[in-house]
Structures are given as C-alpha cells and as structure tokens.
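The values are calculated or read from the model by the stated rules, or taken from the named source; none is laboratory data. Keep in mind that this is a model prediction, so the values were computed, not measured. For neighbour counting, all protein chains shown are included, and Cβ atoms are generated from backbone atoms with ideal geometry for every residue, glycine included.
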Amino acid sequence: MSLRGYGEINPKELFLLVYGLCSSMGEGISGLQAGFLLWSHLSRCATLMRDLAFHIGVKDKEEMDKYFFSGLFHDIGKVCVAPEILNKNESLNVGEREEIEKHVSEDSIVQGFEEELGINAPSVPMYIYDCARKHHQLLDGTGYPQPINILEEFSPYLRALMVIDKFEAATSYLRPWQPKKDYFKIFLELQEGARDGKLDKEIVMSFFSYLFGDKINNLTCLPLVFKGLLDQNS
C-alpha cells in the first residue's frame, strides 16, 4: 500500500508501525495496558479478516491485504481516548461512553493517522477510512456515529469487519467495563444480527463455516452444532 510520506509499505512494516503506536499510548501502567489491549484487538482483527478473506475465496494478494489493513486500522481513533477510560473495569457513565464513541469521529481518525502515525490522512485509502468511521454502523441503518441511509453501499471489507470486530471485542478483554461473553452467546448474537438484517448474512455464514467447517450449513443449525461441541468436551 502506498501512503504519502512513507511510499510503499508492506503489511509487516505497517504491522510494526501500529504496534509501536499502541506501545506508546499514554504514560505509566495505564497507558501500557490500554496500548496492549488495543494492539491485541487490532492484530487479531487483522488476522481474522485475512483468514476470512482466504476462506471465502479471495486469491489476489492486493485484495487480501485490503481485508488485513481494514482490520489493522479500524480502531485507530482510540489512540485519542484517555487510557483511564479504556481501562475502566466497571460500567461506563454517559460521558465516558460518549468519549469512547468519539473514536469513530473524523477528528479522532485523522489525528490517529497524522499526529500519531505521521501519515498524511488524505493519502489513506477510502476503504480504510470507511472501516474506521463506520464499523459500528449496521446494515439496517442503526448503530453509531449516526443513523445512515440503508441504501448506502458497504464495501466487502466493512461488511466483514462488522462481524469480525463484534466477535473479537466480545470474546476478548478489549472492554474491561463489560463482562467477557462466552462464545455461544456471541455466536447467537451474530446469528440474530444476520437474521434481522443488521449484519451481512453471507459473511456471518462464511465466518461460521471458517470456524466450524462443514458442520455449519445454515444459520438455524448453530445451536445444535454448539450442543454437539459441548457434549464432546464434557
């Protein structure tokens, strides 16, 4: 990918660039913890996005990289949120939640790229910017930062990221203020999101088949698959 001020950068170099950014978030233990949690989330999302792309049949390296970069940069705006809020291990108040939600604002995204990474924001590909701005929007027009036209085009990278980000954030320790969800619960939430038109049904099905192989052939069989997995491990 070509970025003004950096020229051509390969995925490994960008990976290390973002790692360095997360490692320098804030000061002291609080900054280190926030940076570690953010880096862990971004790296796992990038990896899952790349693996999902391969699973659905993407062969072109440049196209594969777009999935990877979309996951790697989607939360870049969180570098503008106070580590004390990102690390809070109890429920957020209204003001703190508003601060968290600002990570998808244009100002936070631009600051993340320009002031923190030294990348000229206008040189950032639009698909990356859209994923950073809209990964908390849903296909039915709900979500944040604002209601949107449901006829708006969503890139394949954004559609995939809506699923991957929801899964990864809910099953990791990215959000200390929320209890970590068990896998069965988050998979049912993804199933319901696809059924209700909030998430891309084909992407959800592809993600399930990526995880479980041919055990999954439709959304309604998910509970039975999990029951079988639980029975095997009991």
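Here the condition is being surrounded by 22 or more Cβ atoms within 10 Å (Cβ to Cβ), more than 15 Å from ARG159 (Cα to Cα) and of a type outside the set (Ser, Thr, Tyr); of LEU92, LEU32, LEU86, it holds for LEU86 alone.
So which residues in segment 46-83 are buried (at least 17 other Cβ atoms within 10 Å of the Cβ) and of a type in the set (Phe, Trp, Tyr), if there are any at all? Passing the criteria: TYR67, PHE68, PHE69, PHE73. Please go through segment 171-188 and give me each residue that is surrounded by fewer than 21 Cβ atoms within 10 Å (Cβ to Cβ), in contact with a Phe, Trp or Tyr (Cβ under 9 Å, 6 or more places away or on another chain) and assigned to a helix (DSSP H, G or I), ordered by number. Hits for segment 171-188 are THR171, TYR183, PHE184, ILE186, LEU188. Would you mind stating whether SER91 is farther than 25 Å from SER209 by Cα and not in a helix (DSSP H, G or I)? Yes: the conditions hold for SER91. Checked across segment 136-143, the condition of being in contact with a helix residue (DSSP H, G or I) (Cβ under 6 Å, 6 or more places away or on another chain), touching a residue at least 40 places away in the same chain (Cβ under 8 Å) and either among the basic types (Lys, Arg) or surrounded by 15 or more Cβ atoms within 10 Å (Cβ to Cβ) (or both) holds for no residue.
Find the residue count for segment 37-76, including only residues that are charged (D, E, K, R) and either in contact (Cβ under 8 Å) with a residue 24 or more places away in the chain or outside any helix (DSSP H, G or I) (or both).
Looking only at that region, the number is 7.
Regarding segment 171-180, can at least one residue be identified that is within 21 Å of HIS41 (Cα to Cα) and at pLDDT 85 or above? No, segment 171-180 contains no residue that is within 21 Å of HIS41 (Cα to Cα) and at pLDDT 85 or above. Taking the criterion of being at pLDDT below 85 and in a helix (DSSP H, G or I), the residues of segment 115-132 that qualify are GLU115, GLU116, ALA121, PRO122, SER123.
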